[in-house]
Amino acid sequence: MVLQSLLAVAFLLVGANGFGIVLTGKSPSWMSASLNPLSESNLDGISTIPKNGMTPQKIDLSARFVAISVLADAAAAGTFATRELEESPYFQLLDSRDRAFTRLLVATVERRIGQIDNVLECCIEKPNRGKHVHFIRATLRTGVAQLLFLHTPPFAAIKETVQVLRMYPKKPPIPEPIIKFVNGVLRKLSRPADTESDGSSEMLGEKLLREKTSPQDNISPWLLDQWRDDWGEETTELICSEVMPSDNASMTARIDLSTKFSLAAATRMKDYTEEIMSLMESLGGDSILLPQFSIRVGSSLKGDVKLWPGYEEGAWWVQDSSSTLPALVLSSAIRDKYPQSDLSELHVVDMCSAPGGKASQLLSVGFGHVTAIEANTRRSRILNENLKRLGLLEKCQVVVDEGQNWVPSRLVHGVLVDVPCSATGTGARRPDVFRRDPDLKELIKIQRTLANHCADTILGKGGIMVYATCSLLREESEDQIRTLIERGNVETLPICPHEVPGFEDAIDEHGWLRVLPGVLEGDLCSTDGFFVARLVRK
């Protein structure tokens with residue numbers, strides 16, 4: 001039952017949300033080298049990757065082989081393992097149960113990679129180098145993940161994982177002494193450490209995990225230091241406890257859905273309670289309604305989100321509850337400013353729009369002129385696809401261009417700019433962000449350029465601007481707003497408690513919203529970190 005629950009959680013965390021996984025940064029001392037085991041040139045001993053539209057042949061693969069291969073591939077290339085996983089032709093050949101287990105293995109290794117490496121360093125004295133290093137590293141990590149976090153029986157965790165080394169897809173094969181070495185390390189970690197007075201014992205790996213590691217080992221030291229500087233030690237502990245709990249089994253899946261009724265209900269434009277409750281029932285009896293009228297899906301609803309009730313009909317879209325706040329406070333302010341105007345007459349802009357959740361909110365509430373701007377061509381295709389599924393594409397002007405280059409023919413009534421950022425607020429769903437070393441200077445420059453352009457060139461006098469980030473860093477958020485206000489052409493339009501049901505305690509002394517994971521009470525304790533400031537053009 002524990003394994004089944006973990007499989008469900010892994011699918012929801014990884015498969016439904018599609019977050020990227022990356023193995024980057026400094027390698028542990030016990031491994032270093034370069035290999036790309038699933039690159040086309042390395043497939044000498046295994047069925048072919050499909051070419052020219054051909055369908056790959058059915059081959060005998062295991063979940064562990066696919067997980068280890070993709071993890072090794074991503075580590076060598078510095079790419080996102082989950083993206084590689086979903087695009088792997090080998091992954092598509094697995095049945096649904098094995099695909100779920102593969103996702104679980106990849107997600108667990110990435111989420112716990114710091115602790116896993118620390119445990120391994122306690123057992124491996126000499127670093128291993130050579131052409132097989134990434135595949136060996138991924139095998140060891142996957143074995144430890146099963147033993148210590150997924151609680152897989154040691155016999156299965158070790159035997160089946162070590163066997164993957166004999167399936168290595170490049171010549172020459174991995175030498176037998178290396179295979180025996182990996183087997184010995186995993187067996188050592190699975191042996192009893194000490195026998196307690198009651199006769200019980202824990203594995204050596206469990207003892208090392210408890211005594212030599214911390215969940216914070218999975219987060220880059222620079223990021224932890226910055227959180228402590230920004231929020232203090234106590235709040236940093238709350239954040240870490242939420243995004244990186246001590247026990248993998250306590251990780252709960254979190255998928256929030258926005259509906260075409262949510263924003264109108266939250267802004268009290270109309271009572272859509274009956275429609276939302278009916279949709280909740282179709283999504284499972286354990287779904288819950290969040291204070292700002294998002295739906296949090298319960299654990300009874302599993303599988304591919306595209307197969308869930310209402311998806312094809314465009315009744316909802318996946319959007320974290322925190323991510324709904326920028327459009328919520330923008331809509332609320334514009335309605336207050338233009339009480340006699342029909343929203344269909346007003347023009348609002350959604351900068352950096354993909355994948356389209358905020359634009360969909362604005363369209364669903366009745367704005368007649370919505371311009372969605374997205375610079376990335378691939379992401380703009382996703383934006384178009386999502387708007388089309390929701391039946392909103394014809395109502396929206398999609399512009400593929402750099403936001404700072406776009407100038408409207410007439411100044412607009414409102415602009416929402418959710419700027420590119422470190423995304424550190426999304427780490428509970430995308431643990432790779434905790435291990436990145438982003439170019440903050442470049443990000444801050446882009447953020448400032450976009451914000452200044454929106455305030456100077458896009459907004460008319462009295463127009464409303466909402467600046468947002470999914471970052472847990474003041475430097476990308478509060479500090480940027482102070483700099484923007486100091487320029488003199490905008491001022492804060494404070495966010496009021498009644499505008500953000502459930503998030504009232506996140507409003508700071510400036511009237512800005514600062515949502516930190518693990519800090520709010522109730523269901524909203526578990527939500528993405530977000531910052532929202534609302535400004536008015538002087």
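With the structure loaded, tell me whether Val348 is farther than 20 Å from Gly310 by Cβ, buried (at least 20 other Cβ atoms within 10 Å of the Cβ) and touching a residue at least 60 places away in the same chain (Cβ under 8 Å) or whether it fails that test. So Val348 fits the description; yes.
Would the stretch 322-337 turn up any residue that is crowded, with 24+ Cβ neighbours inside 10 Å, under 22 Å from the mean Cα position of the chain (by Cα) and in a strand (DSSP E or B)? No; the residues of the stretch 322-337 include none that is crowded, with 24+ Cβ neighbours inside 10 Å, under 22 Å from the mean Cα position of the chain (by Cα) and in a strand (DSSP E or B).
Report, by residue number, each residue of the stretch 427-453 that is part of a helix (DSSP H, G or I) and touching a Gly at 6+ places or on another chain (Cβ under 8 Å). Spell out the reasoning first.
To start, the set of residues in the stretch 427-453 that are part of a helix (DSSP H, G or I) comprises 431-434, 440-453.
Within the stretch 427-453, Asp432, Val433, Phe434, Leu450, His453 qualify.
Taking the conditions exactly as written (modelled with pLDDT of 95 or more and in a loop (DSSP other than H, G, I, E, B)), does Val466 satisfy them or not? The answer is no for Val466.
Assess whether Gly298 counts as being without any contact (Cβ under 8 Å) to a residue 60 or more places away in the chain and farther than 19 Å from Asp271 by Cα. Talk me through it step by step, then tell me what you get.
Details: without any contact (Cβ under 8 Å) to a residue 60 or more places away in the chain: yes; farther than 19 Å from Asp271 by Cα: yes.
In short, yes.
Matching residues to (1) under 28 Å from Ser321 (Cβ atoms); (2) touching a His at 6+ places or on another chain (Cβ under 8 Å); (3) open to solvent by 50 Å² or more (accessible area, probe 1.4 Å); (4) not β-branched (Val, Ile, Thr):
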position: Glu374; (1), (2), (3), (4): yes, no, no, yes
position: Leu383; (1), (2), (3), (4): yes, no, no, yes
position: Lys388; (1), (2), (3), (4): yes, no, yes, yes
position: Gly403; (1), (2), (3), (4): yes, yes, no, yes
position: Pro431; (1), (2), (3), (4): yes, no, no, yes
position: Asp437; (1), (2), (3), (4): no, no, yes, yes
position: Lys441; (1), (2), (3), (4): no, no, yes, yes
position: Ile446; (1), (2), (3), (4): yes, no, yes, no
position: Cys470; (1), (2), (3), (4): yes, no, no, yes
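Filtering the stretch 112-140 to residues that are of a type in the set (Gly, Ala, Ser) and surrounded by fewer than 24 Cβ atoms within 10 Å (Cβ to Cβ) leaves Gly114, Gly130.
The set of residues from the stretch 232-278 being among the β-branched types (Val, Ile, Thr), more than 16 Å from Ala315 (Cβ to Cβ) and at pLDDT 95 or above comprises Thr235, Thr236, Ile239. Among the residues making up the stretch 145-162, those that are within 15 Å of Ala63 (Cβ to Cβ) and touching a residue at least 60 places away in the same chain (Cβ under 8 Å) are Leu150, Thr152, Glu160, Thr161. Residues being among the hydrophobic types (A, V, I, L, M, F, W, C), over 22 Å from the mean Cα position of the chain (by Cα) and more than 22 Å from Pro221 (Cβ to Cβ) are entirely absent from the stretch 99-122. Against the conditions (1) out of contact with any Ser or Thr (no Cβ under 8 Å at 6 or more places or on another chain); (2) surrounded by 14 or more Cβ atoms within 10 Å (Cβ to Cβ), Gly488 satisfies every one except (2). Would you call Ile485 in contact (Cβ under 8 Å) with a residue 12 or more places away in the chain and in a helix (DSSP H, G or I)? Here the answer is yes, as Ile485 does meet what is asked. Of the residues examined, Trp227 is one that is more than 24 Å from Val318 (Cα to Cα) and in contact with a Ser or Thr (Cβ under 8 Å, 6 or more places away or on another chain).
Of the numbered criteria (1) assigned to a helix (DSSP H, G or I); (2) touching a residue at least 60 places away in the same chain (Cβ under 8 Å), the one Arg254 fails is (1). Can you find a residue in the stretch 319-339 that is in contact with a Leu (Cβ under 8 Å, 6 or more places away or on another chain), over 20 Å from Val532 (Cα atoms) and not charged (D, E, K, R)? Scanning the stretch 319-339 turns up at least one residue that is in contact with a Leu (Cβ under 8 Å, 6 or more places away or on another chain), over 20 Å from Val532 (Cα atoms) and not charged (D, E, K, R). Among the residues of the stretch 267-292, the ones that are in contact (Cβ under 8 Å) with a residue 40 or more places away in the chain, surrounded by fewer than 16 Cβ atoms within 10 Å (Cβ to Cβ) and among the polar types (S, T, N, Q) come to 0 in all.
State whether one or more residues within the stretch 293-306 are among the basic types (Lys, Arg), open to solvent by 20 Å² or more (accessible area, probe 1.4 Å) and closer than 20 Å to Cys396 by Cβ. No: zero hits. Restricting Leu513, Leu535, Leu520, Leu524 to those that are within 19 Å of Glu234 (Cα to Cα), open to solvent by less than 10 Å² (accessible area, probe 1.4 Å) and aliphatic (A, V, I, L, M) reduces the list to Leu524.
The values are calculated or read from the model by the stated rules, or taken from the named source; none is laboratory data. Keep in mind it's a predicted model, so treat the numbers as computed, not measured. Virtual Cβ from ideal backbone geometry, glycine too; neighbours counted across all protein chains shown. Quick note on the areas: whole protein, heavy atoms, side chains included, nothing else; ligands and nucleic acids left out. Shrake-Rupley method; radii C 1.70, N 1.55, O 1.52, S 1.80 Å.
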